[in-house]
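Structure record follows, encoded as structure tokens.
The values are calculated or read from the model by the stated rules, or taken from the named source; none is laboratory data. On a predicted model such as this, the values are computed, not experimentally measured, just so you know. Cβ coordinates were reconstructed from backbone atoms using ideal geometry, including for glycine residues, and neighbour counts include every protein chain displayed.
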Amino acid sequence: MKKTNQDQAKLKDGINDDVKQQLLQMKQNLAVETGKREEQKRQDLLRQQKEKEKNKSFSELLDESHLDWRKYKS
């Protein structure tokens with residue numbers, strides 16, 4: 001007793017065109033907002049990293065340096 005494709009009511013067939021357009025617009029708006037939110041989050045993280053780098057002490061910067069003072073010692 002399988003139903004054929006014609007017998008099965010599809011959601012898109014039962015939805016009014018106006019409602020369908022509203023849903024599609026909401027989907028697009030949500031995608032744009034999500035993209036903006038992710039970009040803002042990335043910008044905030046980058047700003048925090050720069051602020052953290054700016055506030056490091058001399059000893060922290062020296063410890064992170066890849067320079068080897070032994071090479072330059074006379």
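If we scan segment 33-47, do we find a residue that is modelled with pLDDT of 90 or more, at negative phi and among the aliphatic types (A, V, I, L, M)? Scanning segment 33-47 turns up at least one residue that is modelled with pLDDT of 90 or more, at negative phi and among the aliphatic types (A, V, I, L, M). Among the residues of segment 38-58, those that are surrounded by 10 or more Cβ atoms within 10 Å (Cβ to Cβ) and of a type in the set (S, T, N, Q) comprise Q40, Q43, Q48, Q49.
Criterion first (surrounded by 10 or more Cβ atoms within 10 Å (Cβ to Cβ) and assigned to a helix (DSSP H, G or I)) does D18 satisfy it? It is false that D18 is surrounded by 10 or more Cβ atoms within 10 Å (Cβ to Cβ) and assigned to a helix (DSSP H, G or I). Condition check: out of contact with any helix residue (DSSP H, G or I) (no Cβ under 8 Å at 6 or more places or on another chain) and at pLDDT 90 or above. Does K3 satisfy that? Answer is no for this residue.
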